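In what follows, a structure is listed as structure tokens, so that the remarks can point back to it.
The values are calculated or read from the model by the stated rules, or taken from the named source; none is laboratory data. Everything numeric in this text was worked out from a predicted model, so none of it was measured. Every residue, glycine among them, receives a Cβ derived from its backbone with ideal geometry; neighbour counts consider all protein chains shown. Remember, those area values only see protein heavy atoms, side chains included, never the ligands or the DNA or RNA. Shrake-Rupley method; radii C 1.70, N 1.55, O 1.52, S 1.80 Å.
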Amino acid sequence: SDQINYALAIANYKLFNLDKGNELTNALINKYPTNPYFYELKAQMLRENGFLKKSLENYLIVNKLLPNDPLIQIELSHTLINLDNTKANKKAIKILLKAKELEPDNNKLWYLLSVAWGKNSEIGKSRYASANSSYLKGDDAMALSFIKRAKKIVLRGSDTWKELINLESKINTKNKRW
């Protein structure tokens, strides 16, 4: 059955048998060419095994089939960042910022924004994203440390500055309640 083949595809890829996992996933894609989740599985298998360009091809298909899904956008961005080129990195930032509108509390999104902005030499924004990631993990001390470091280089009054102040205030207010 298709459910068994899907489960076997996942099991094979988790057991480092990428060829068999890929074969089973390809069979499902051939049978159901508009099912985005089979492409997503293939993209994830390929990315996690270092086949970034092939992974990207599949994430782009998923993104066309589910154009407003922020979780797919986050995974697509993860692959773009891993490609390690400026154009792909800038595209990842744009996609992550769009996904942030629907997933503002997604820790992976903030982590990836931190990495992407860092690679783009936007260190203040990178530290701001790291602060958000730390906050979402429950590490207020680390979040405040990133905020402090970011405030040393972010332009006072800028949007990033205001976001830093808001996050700092949210953390300090929360901690005063305890």
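Observations on the structure shown:
- Principal-axis analysis of the Cα atoms of the chain puts helix 52-65 at an angle of about 90° to the longest axis.
- Spacing of the modelled spin labels on L66 and N85, each 7 Å from Cα toward Cβ, amounts to 2.7 nm.
- Label-point separation in nm, N17 to K176, each point 7 Å along Cα→Cβ: 6.0 nm
- Per residue Cα convex hull volume in Å³ - calculated over the stretch 3-46: 55 Å³
- Counting only protein heavy atoms and a 1.4 Å probe, the chain has 57 square angstrom of accessible area per residue.
- Computed lengthening from N5 to L97, 0.36 nm per intervening residue step minus Cα-Cα distance: 29.6 nm
- Straight-distance candidates among the aspartates and glutamates for linking to K14, with alpha-carbon spacing under 13 Å and chain neighbours fewer than 8 residues away dropped: E48.
- Once backbone amide H atoms are built at 1.01 Å from N, N17 has no partners under 5 Å, excluding neighbours fewer than 5 places away on the same chain.
- Surface share of carbon and sulfur [accessible, 1.4 angstrom probe, percent] for the chain: 53 percent
- The residues M45, M142, sorted by heavy-atom accessible surface at 1.4 Å with ligands and nucleic acids left out, run M142, M45 from largest to smallest.
- Value of D in µm² per second that Stokes-Einstein yields for the chain, Kirkwood Rh from Cα pairs, at 4 °C (1.567 mPa s): 73 µm²/s
- Sequence-distant contacts, meaning Cα pairs under 8 Å at least 6 residues apart, place the relative contact order of the stretch 29-72 at 35 percent.
- Here, the stretch 76-178 yields an orientationally averaged convex hull projection of 6.4 nm² when only Cα atoms define the hull.
- Probe 1.4 Å, all protein chains present, accessible-area order of I93, I10, largest first: I10, I93
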